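Below is one structure, written out as structure tokens, with a few remarks after it.
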Amino acid sequence: MTETSVVLILVVITALGFDFTNGFHDTANAMATSIATGALRPKVAVLLSAVLNLIGAFLSVQVALTVTNAVVRLQNPDGTPKPGLLADSGEALLLIVLAGLAGAIVWNVFTWLLGLPSSSSHALFGGLIGAAVAGLGWAGVKWTGDGGKLDGVVGKVLLPAVMSPLIAGLVAAAGTWMIYRITVGVARRFTDAGFRWGQIGSASLVSLAHGTNDAQKTMGVITLALIASGTWTDTGSIPFWVKVSCALAISLGTYLGGWRIIRTLGKGLVEIAPPQGLAAESASAAVILSSSQLGFALSTTQVATGSILGSGVGKPGAQVRWRVAGRMVLAWLITLPAAGLAGALMWWIGDSIGSTAGAVVVFVILLLLTGLMWARSRRTPVDHHNVNDDWQEPSRPKAEVTA
């Protein structure tokens, strides 16, 4: 077995590991509101979401192709391989991909530990961008499309990051307001029961949409690694075994459930009633499915959070916990640069050691860091038994209270 093959195997394992963390990190996007309103029991919700994520992963490949082609600059404008990248240093590109994935996983697990619904997608792109800049320079990242097209990182990642939560929030707010206007005078026990049934359908649609968007990001990364190693040459398609393995990995992560983040989204932002849950989930599904068809690698976490906030704004008299929302927005803002720094650091460690040994060291560091954070999470466990407990804001220091 060649050294390139060893590094490629490490990249594939790490990519599937990221896909797994993406699954449990983003389960909340589809199921937090249904669990919070009692429409679905927690374990039933994550099982349903896992199955639909698996199905959704096979419905489209546009986002996977975006990840393969829109981050690291693989080709010159004329379509020929970029000199010094694929032709001469495929193993160097593999180390960049491995370092980027490691940075993304570290950030994913860290924000899960804090219960913050940060973007797994932006963690992935941040890690890849940071490692690519460290290894290839700023020109190694495809910031825009060739010829000034609105493509690359700016068009396919950054613009959707700004627009998608705003659009989802507006749609959810309008839908929530309309629902409460239509049901004025109807007894709440009738409306809540009906909307809980509706939530099962809308949450299922979000899970299906999540599979069409997030599962494909890892497909794109593995395909990028296969291209770097020379075992795959078609930048316009994804190997079937890659689709299957990524779909299974994200489904397994989804089934285990990221209970900390489910709790934050379901209980921390707004006390969600079934009509709000239906409006939020429907808005999320519409935005995610539309973006998947257009190849936009948006953050499903940001879409879901924007929808939940919109449902709070749209309900007359609803209380939105803006402090919690502010912490989420802060996590959104720092995810790309933080994961980028982590990816760059991982690349520097691997490159300093060199060759296959550097890749192995990066992989071992990743295992140690994630293991330590998992062990820390066991001190204050959150699972399906306590995910719906009443929300308690962290107590503020006395100096802040008396100010």
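List of remarks:
- Site pair SER290 and VAL329 shows an inter-label distance of 2.2 nm when each label is modelled 7 Å from Cα along Cα→Cβ.
- Cα-centred dipole magnitude for region 230-364, charges only on beta-carbon of K, R (+1) and D, E (-1), debye, nearest 20: 560 debye
- Considering all C-alpha pairs of the chain, those separated by over 40 Å amount to 16%.
- Members of LYS43/LYS243; LYS243/LYS315; LYS142/LYS243; LYS156/LYS243; LYS43/LYS217; LYS217/LYS267 lying beyond 31 Å, as alpha-carbon distances in this model show: LYS243/LYS315
- Listed residue (MET373, PRO316, MET346) projecting farthest to the positive dipole end of region 314-379, Cβ model: PRO316
- A run of the chain free of exposed loop cleavage sites, with trypsin sites (Lys or Arg not before Pro) counted only in DSSP states other than H, G, I, E and B and at most 10 other beta carbons within 10 Å, reaches its longest extent at 150-377.
- Taken one residue at a time, the phi angles of region 204-209 give Karplus couplings (6.51, -1.76, 1.60, θ = phi - 60°) of 4, 5, 5, 4, 4, 5 Hz. Gly and Pro are set to x.
- Extension reserve of the ASP234-ASP389 stretch, reckoned as 0.36 nm per residue once the Cα distance is removed: 50.8 nm
- Estimated FRET transfer efficiency when R0 is 45 angstrom, pair ARG378-VAL184 (beta carbons, to 0.05): 0.40
- Pairwise centroid distance, computed over Cα atoms, of region 314-331 with region 5-21, Å: 36 Å
- Charged-residue dipole, Cβ positions (Lys, Arg, Asp, Glu), the chain about Cα centre, Debye nearest 20: 1260 debye
- Region 208-273 and region 115-134 have Cα centres lying 14 Å from one another.
- Acute angle (nearest 10 degrees) that the helix 300-314 long axis makes with the longest principal axis of the chain, alpha-carbon atoms: 20 degrees
- Amide H within-cut-off set for VAL72, under 5 Å, with H built and near neighbours excluded: LYS142
- FRET efficiency for VAL244 and VAL154, using Cβ-Cβ distance with R0 set to 22 Å, rounded to 0.05: 0.10
- Rounded to 0.05, the FRET efficiency of the TRP322 and ALA174 pair, given R0 = 30 Å and the Cβ-Cβ distance, is 0.90.
- Rounded to the nearest 10 degrees, the inclination of helix 120-136 to the longest alpha-carbon principal axis of the chain is 20 degrees.
Any read-out appearing in this document is the output of simple, stated calculations on the displayed coordinates, not a laboratory observation. Small disclaimer: the values here were computed from a predicted structure and weren't measured. Ideal geometry is used to build each Cβ from the backbone, glycine not excepted, and the neighbour counts take in all protein chains shown.
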